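The values are calculated or read from the model by the stated rules, or taken from the named source; none is laboratory data. Just so we're clear, the structure is a prediction, and the values are computed from it rather than from any experiment. All Cβ positions, even for glycine, are placed from backbone atoms using ideal geometry, and neighbour counts span all protein chains on display.
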Amino acid sequence: MSLFHLLLINFFPALVIVAGLKDVTSFTIPNWISGVLVLVFFVVAPTVGLPIQATGMHATVGAVALLAGMAMFAAGWIGGGDAKLFAAAGLWLGPEAFAPFVLITALAGGLLALSLLQLRADWARGFLPVGPGWIERLREPKGDAPYGVAIAVGALAAFPSGALVALVLG
């Protein structure tokens, strides 16, 4: 495939990185990120030659991921932006890469939680200098966790095993 196709599929990792950075610094993932990911997928898929049936399977995975994200949001485990990013990632990754995505996201989420527990521990607060506002917000005891970071790690790790990358790098 061409450099053009390579650039097209790189929208996904680029926006996933932006989402993770935005979440860690503001505890929000703007809706436009997930929206652009969904729209661009439906441009990229036919452009790189993903068959219509496979595109439908990707859409099904995205819908299942959205339902799972909504359930996790309702349970209070993740935020709304996290749920939407999870669904958009599921759409891009499709059935080939979804299981590794979920596994790596869960592992990254566990590591994130352990890291935040250490960062927020009383003993650590005395050793670490005061930083920018977003770091201080990460250090708040009983604060939220920017789970978009874990989703980004899982998505970036699983992306190379997806059908879109296989088509472009073939």
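A few comments on the model shown:
- Test: residue in segment 163-170 that is in contact with a Pro (Cβ under 7 Å, 6 or more places away or on another chain), at pLDDT 85 or above and small (Gly, Ala, Ser): no
- Some residue of segment 70-82 being of a type in the set (D, E, K, R) and over 18 Å from ALA157 (Cβ atoms): no
- Filtered residues of segment 20-50 (kept if assigned to a helix (DSSP H, G or I) and touching a His at 6+ places or on another chain (Cβ under 9 Å)): PHE41, VAL44, ALA45, THR47
- Exactly one residue among ALA83, ALA157, ALA74 is within 11 Å of the chain's Cα centre (by Cα) and either at positive phi or free of Cβ contacts under 8 Å to residues at least 24 places away in the same chain (or both), and that residue is ALA83.
- Any chance ALA166 is part of a helix (DSSP H, G or I), closer than 24 Å to THR60 by Cα and in contact with a Ser or Thr (Cβ under 8 Å, 6 or more places away or on another chain): no
Quick grid of which residues meet (1) without any contact (Cβ under 8 Å) to a residue 60 or more places away in the chain; (2) among the aromatic types (Phe, Trp, Tyr); (3) within 21 Å of VAL165 (Cα to Cα); (4) surrounded by 21 or more Cβ atoms within 10 Å (Cβ to Cβ):
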position: ASP23; (1), (2), (3), (4): no, no, no, yes
position: ILE29; (1), (2), (3), (4): no, no, no, yes
position: SER34; (1), (2), (3), (4): yes, no, yes, yes
position: VAL38; (1), (2), (3), (4): yes, no, yes, no
position: ALA45; (1), (2), (3), (4): no, no, yes, yes
position: GLY49; (1), (2), (3), (4): no, no, yes, no
